[in-house]
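Notes follow once the structure below has been shown.
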There are 2 protein chains.
Amino acid sequence: MTQGREPAAEPEGLSAARVVAEAVRIADDAGVEGLSMRRLATALGAGAMSLYHYIANKDELLDAMVDVVFAEIEPPPLDVDWKVAMRAEALSAREALARHPWAISLMESRTTPGPANLRHREAVTACLRRAGFSVVMATHANWLLNGHVYGYAMQEANVPFDSADALADMTEEVYLPQLPPDQFPYLNESATELLAIGYDPTQEFLYGIDLLLDALDARRIGG
Amino acid sequence: MTQGREPAAEPEGLSAARVVAEAVRIADDAGVEGLSMRRLATALGAGAMSLYHYIANKDELLDAMVDVVFAEIEPPPLDVDWKVAMRAEALSAREALARHPWAISLMESRTTPGPANLRHREAVTACLRRAGFSVVMATHANWLLNGHVYGYAMQEANVPFDSADALADMTEEVYLPQLPPDQFPYLNESATELLAIGYDPTQEFLYGIDLLLDALDARRIGG
DNA sequence: GTCGTACAGCGTACGACGTACAGTGTACGA
DNA sequence: TCGTACACTGTACGTCGTACGCTGTACGAC
């Protein structure tokens, strides 16, 4: 058996970072349900049990994967207006979640935040506090903005189309027929009109973020 | 073997509704990961494979379970101001998700809405349209309000304490020690201050809903 | 040079899982 | 009396996470 310092043909032998990175890659193109310890090990040119030298169990692996996603979110820049900064942060978060669609479902079940998560939260809180938010108002803002990012990602997952055209086709052929006007007059009307104007749900994210930032700005002092 | 019209000692023999209801009960006190077809069957006094006469597969069961949760959400009452109505609806949704914590993680992965889901969406859309929202503005409102409910539920799942006291204890003993002031000055400050004033994250939901309703009201006409 | 120890990795095995398949007894219409 | 349909089940297969005990190698101490 090939052992010791020559794993197979891989860069440098195993390591926690390499294990987690490969897990992310697999989840990216097969989903979390497609990520098994055996498959992960095979992709790394190793046996399944070797992974347990770097991670305690699969749950810890999932924790680490979520933290990788948090590490990809750009913290809000500190040299611009807070609204511009938080808008950029939210967009970056939305992009990270779009790159790793599995992350949103994992985040729900993970209760202990990883280091990248903490670092990111610190940066966001710093941005808000420096902009004049009180601790309580910054907490409100954090809950609202994060909630928008997560809530949008969840709803987007239920309408999984990458283009407005694809969504339009699907609406016409699948959704609308399920919405007879006598049973669902308002949904039918909405679907019809949105289809006609070439509706693109991507805009919803920005609409919401801007609405939230404006509303928070108005309540920034006082609260 | 006891067969035919006398299952065991259960109400009326199996049925899709009974299977789904029992699945919800099991998930309520053991989580989705504690729900297996064998366990569900045992709880119903049946063999595992009997379930497949009422549901095609486990995925379809999960779809049906999610729809049960939607059925529990009170539609917005039509005889009051739209803000009051939507506030009540959001609260009801938040309560349903709190009763069934597993639902939020399932909703992410389910793409085909069940009948209760559709009925509920129809009622919400009706409420908004009658309040003067255009189709597009109603869509904005829907995304935002739903997003808030889901996003809040997700964040709440990461801070799983039923009382402000329990959260305070945990903050003092576990969270704060992980936030040294030199590394996380702002998070440390926030945790300390929130701890001092007896912060209760439950209020965040209402704060967010009211902010959203006010902001949407201002944009109701035009948009 | 020899040896003890620590480390990295692996093979096997166990008890769960979802579910395909091939039955089984009973009720009921003909 | 019989055929068929129905409600239900036992067994078995392939997969999962992972406990356990084994390997070969590197390296410091002597």
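Go through the range B:45-72 and give me each residue that's within 11 Å of DNA strand D (Cβ to nearest atom) and out of contact with any Lys or Arg (no Cβ under 7 Å at 6 or more places or on another chain). Before the answer, list the steps.
At the first step, the residues of the range B:45-72 found to be within 11 Å of DNA strand D (Cβ to nearest atom) are B:45-54.
Scanning the range B:45-72 gives B:Gly45, B:Ala46, B:Gly47, B:Met49, B:Ser50, B:Leu51, B:Tyr52, B:His53, B:Tyr54.
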Of everything in the range A:150-167 that's within 20 Å of A:Ser92 (Cα to Cα), touching a residue at least 12 places away in the same chain (Cβ under 8 Å) and more than 7 Å from chain B (Cβ to nearest Cβ), which residue is surrounded by the most Cβ atoms within 10 Å (Cβ to Cβ)?
A:Ala153
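A quick yes/no check of all residues on (1) at pLDDT below 95; (2) small (Gly, Ala, Ser); (3) within 11 Å of DNA strand C (Cβ to nearest atom); (4) within 22 Å of B:Trp102 (Cα to Cα):
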| site | (1), (2), (3), (4) |
| --- | --- |
| B:Arg25 | no, no, no, yes |
| B:Met49 | yes, no, yes, no |
| B:Asp63 | no, no, no, yes |
| B:Val80 | no, no, no, no |
Restricting attention to the range B:90-120, and to residues there that are within 26 Å of B:Thr202 (Cα to Cα) and either acidic (Asp, Glu) or over 15 Å from the mean Cα position of the chain (by Cα) (or both), which single residue is modelled with the lowest pLDDT?
B:Glu108
Pick from A:Tyr186, A:Tyr152: which is assigned to a helix (DSSP H, G or I) and over 20 Å from A:Arg87 (Cβ atoms)?
A:Tyr186
Within the range A:168-185, identify whether any single residue is within 10 Å of chain B (Cβ to nearest Cβ) and within 28 Å of B:Ala215 (Cβ to Cβ), and answer yes or no.
yes
Name the pairs whose Cβ atoms lie under 9 Å apart, with the first residue in the range A:50-66 and closer than 11 Å to A:Gly114 by Cβ, the second of a type in the set (Phe, Trp, Tyr), and 6 or more positions between them or separate chains?
A:Met65/A:Trp102
Go through the range B:22-44 and report how many residues are within 15 Å of DNA strand D (Cβ to nearest atom) and either part of a loop (DSSP other than H, G, I, E, B) or away from chain A (no Cβ under 14 Å) (or both).
10
Please verify whether the range A:96-105 includes one or more residues that are within 12 Å of another protein chain (Cβ to nearest Cβ), free of Cβ contacts under 8 Å to residues at least 12 places away in the same chain and either under 18 Å from A:Ile26 (Cα atoms) or in a helix (DSSP H, G or I) (or both).
no
Of the residues in the range B:189-223, how many are surrounded by fewer than 16 Cβ atoms within 10 Å (Cβ to Cβ), of a type in the set (Gly, Ala, Ser) and in a helix (DSSP H, G or I)?
2
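Is it the case that B:Pro115 is farther than 28 Å from B:Arg219 by Cα, within 13 Å of chain A (Cβ to nearest Cβ) and either in contact with a Leu (Cβ under 9 Å, 6 or more places away or on another chain) or of a type outside the set (S, T, N, Q) (or both)?
Numbers: farther than 28 Å from B:Arg219 by Cα: yes; within 13 Å of chain A (Cβ to nearest Cβ): yes; either in contact with a Leu (Cβ under 9 Å, 6 or more places away or on another chain) or of a type outside the set (S, T, N, Q) (or both): yes.
Criteria met by B:Pro115.
The values are calculated or read from the model by the stated rules, or taken from the named source; none is laboratory data. This one's a predicted model, so the numbers in the text were calculated from it and none came from an experiment. Reconstructed Cβ throughout: ideal geometry from the backbone, glycine too, with neighbour counts over all protein chains shown.
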